[in-house]
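Here is the structure we will look at, set down as structure tokens.
The values are calculated or read from the model by the stated rules, or taken from the named source; none is laboratory data. Keep in mind that this is a model prediction, so the values were computed, not measured. A quick note on method: Cβ atoms are made from the backbone with ideal geometry, for glycine too, and the neighbour counts reach across all protein chains shown. Only protein heavy atoms, including side chains, enter the accessible area calculation; ligands, DNA and RNA are left aside. Shrake-Rupley method; radii C 1.70, N 1.55, O 1.52, S 1.80 Å.
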Amino acid sequence: MKSIQDSIDVAVPVTTAYNQWTQFESFPAFMSGVERVHQISDTKTHWKTNVAGVQREFDAEITEQHPDERVAWRTVDGLHHAGVVTFHRLDDRHTRVTLQMEFQPEGLAEKAGAALGVAGYQTKSDLSRFKEFIEREGAPTGAWRGEVPRSPQTGPGATPGRNTPGPAGSQPPTGQPPLR
């Protein structure tokens, strides 16, 4: 299992950074290797990636989400990939975005890349491109302010946490206009 952690400070308020991160379909604009993300529901996404010539499609679920604080996810089938991004208010106009991920490299190329730190470099580059993207835009391309409570970890057959609706006026993460 490979773990990666990195942070970047962005010159936008915490709400702006968080709101943009909820717009999963915009990830190809700043994440290398991500060709497409389709938002299936409030808590499920479908990804198409191409990293170092290795193409994959997989589904992921949001396992926990709290506005202006954190978004956690994991894959639901196939490859193992999980992570959390947290948002830390530095002041009214600056936010620290911290990304933690773990994944299981598969195949010779991925294992070699993991051993050489390629994934860590890619994560750092993706965070830099997120910084450029959100600072250039100045406002998120959309927002979803709903809560996804953490599921109890009670073993096989456990009922996952229920998604609760966001506050009045919030919008699903499907590229809708930002909240005003």
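Please report the net charge: other residues with Cβ closer than 11 Å to the Cβ of Trp73, K and R +1, D and E -1.
0
Over the heavy atoms of Glu57, what accessible area does a 1.4 Å probe trace out, to the nearest 10 Å²?
110 Å²
Top to bottom by accessible area (1.4 Å), largest first, where do Leu79, Leu90, Leu108 land?
Most to least solvent-accessible, the answer reads Leu108, Leu90, Leu79.
Of Ser151, Ser41, which has the most accessible area and how do the rest follow, probe 1.4 Å?
Final ranking, largest accessible area leading: Ser41, Ser151.
Give the carbon-plus-sulfur fraction of the accessible surface of the range 47-156 in %, rounded to a whole number; probe 1.4 Å, heavy atoms of protein chains only.
50 percent
Rounded to the nearest whole Å², what accessible area per residue is found for the range 1-159 with the 1.4 Å probe?
Normalised by residue count, the accessible surface of the range 1-159 is 50 Å².
Based on the Kirkwood radius over alpha-carbon pairs, what is the Stokes-Einstein translational diffusion coefficient of the range 13-124 at 37 °C with 0.692 mPa s viscosity, in µm²/s?
Answer from the Stokes-Einstein relation: 220 µm²/s.
What does the extension gain come out to for Arg74 and Glu132, with contour length at 0.36 nm per residue minus their alpha carbon separation?
Using 0.36 nm per residue and subtracting the Cα-Cα distance, I get 18.3 nm.
What number comes out for the charge environment of Ile40, summing +1 per Lys or Arg and -1 per Asp or Glu over other residues with Cβ under 14 Å away?
Spelling it out: positives minus negatives among the neighbours equals -3.
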